[in-house]
1. Is it fair to say ASP184 is surrounded by fewer than 16 Cβ atoms within 10 Å (Cβ to Cβ) and either modelled with pLDDT of 80 or more or of a type in the set (Val, Ile, Thr) (or both)?
2. Scan region 31-49 for residues that are over 24 Å from GLN255 (Cβ atoms) and touching a Lys or Arg at 6+ places or on another chain (Cβ under 8 Å) and report the count.
3. ALA253 - would you say it is among the hydrophobic types (A, V, I, L, M, F, W, C) and either modelled with pLDDT under 80 or not in a helix (DSSP H, G or I) (or both)?
4. State yes or no: is ALA62 among the small types (Gly, Ala, Ser), outside any loop (DSSP other than H, G, I, E, B) and modelled with pLDDT of 80 or more?
5. Would you mind stating whether GLN216 is modelled with pLDDT of 75 or more and in the same structural domain as ILE143 (by TED's automatic domain parsing)?
6. Give the number of residues within region 122-161 that are touching a helix residue (DSSP H, G or I) at 6+ places or on another chain (Cβ under 7 Å) and closer than 14 Å to GLU257 by Cβ.
7. Among ILE158, ILE165, ILE111, which is farther than 21 Å from SER232 by Cβ, buried (at least 16 other Cβ atoms within 10 Å of the Cβ), among the β-branched types (Val, Ile, Thr) and not assigned by TED's automatic domain parsing to the domain that holds ILE276?
8. Identify all residues within region 246-291 that are of a type in the set (D, E, K, R) and within 22 Å of the chain's Cα centre (by Cα); write none if there are none.
Amino acid sequence: MKNLKEFFWFCSGANISLLKRCPTDASKYTGIGAAVFFTGLLAALSGGYAFYTVFENPYWAAAFGLLWGTIIFNLDRFIVSTMRKKKNGFGYELLMASPRILLAVMLAIVISKPLELRIFSKEIDRKLVILEEEIYQKEIAQIEERYTKQSVLLQSQIDQLKTEISDKAEKRNQLAELARQEADGTGGSMQRNAGPIYQLKKADADVAQQELDATQAANVPLIAQKEMVLDSLVNAKTNELTTIKRNPWDGMAAQLEALRVLGHENEGIYWANLFIIALFIMLECTPIMVKLMASRGPYDELLEIREHFFKNHNLEKISQMDHETYEKLKYLSN
């Protein structure tokens, strides 16, 4: 029990020899050290899980988790140990501790994310399937859209060329029908003969036929060419669609995105996620807040005396060395 207490004192960054002389402050620093230690432990679990999610190697995950937990433990221990209880009041101490609190909040958010992913893993796995399908369909839609624009343009050009031919053919048919009716007496002058009126109408029909032939000669090769290009586009689109693969989408970034989407879709998950983050922020800030709210105790007095003693001792040594140097220079100058 004694060794455990001293271990927690070490975690709190306290001077163990001074703390042993202040039994009234021992429990306070035991609690601070325990909070720092368990925060580092949670950070190790969080970092190990995050690394295992990325690389799926339990040995490397354990090594990285231990390293990450040690880093967070040392940062927390540094944050707590550098805070000093001064006589300037709570406002001044809070102002001086604000950078440390900001760092603690950032660390809490980083630590909490992998554990959030683990807590909501079942919901995230189901959402990942949906998001993966959405990405797959989005890739198909992008390919379809890209080829559709070109295909629609080509098809409209083909239809326009065919329309020109059909318009010319319809005009030719109408003029030829008028000439026939004039010839057999069923239309026009209503007299069966091949007279001058028929010759004029026949000439108009012949001109229309020539225009139709010219239009067909110009448009048919273009239609064939554009239809060939259209067929090649259809084949290219089909080939590109067959090359799309459903790549697994289950990495760390994908899980974070799934958790974000779940938070927007499900109010319960949103609030649960928010409370988990708040819990880790409170846990991370607990040692700092304890030191801020706790009154100045005997340990703080002894620590200030010790630091003041070393400061004065250093100043005395520096002054003595300066004096000796001055005496040597004075002797050499004589």
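1. Taking the combined requirement at face value, the residue does not satisfy it.
2. Count: 2.
3. Yes, satisfied.
4. Here the answer is yes, as ALA62 does meet what is asked.
5. Answer is yes for this residue.
6. 5
7. After ruling out the rest, the residue left standing is ILE165.
8. Across region 246-291, the qualifying residues are ARG246, ASP250, GLU257, ARG260, GLU265, GLU267.
The values are calculated or read from the model by the stated rules, or taken from the named source; none is laboratory data. None of the values given here were measured: they were computed from a predicted structure. Neighbour counts are summed over all protein chains in view; Cβ atoms, including those assigned to glycine, are modelled from backbone coordinates with ideal geometry.
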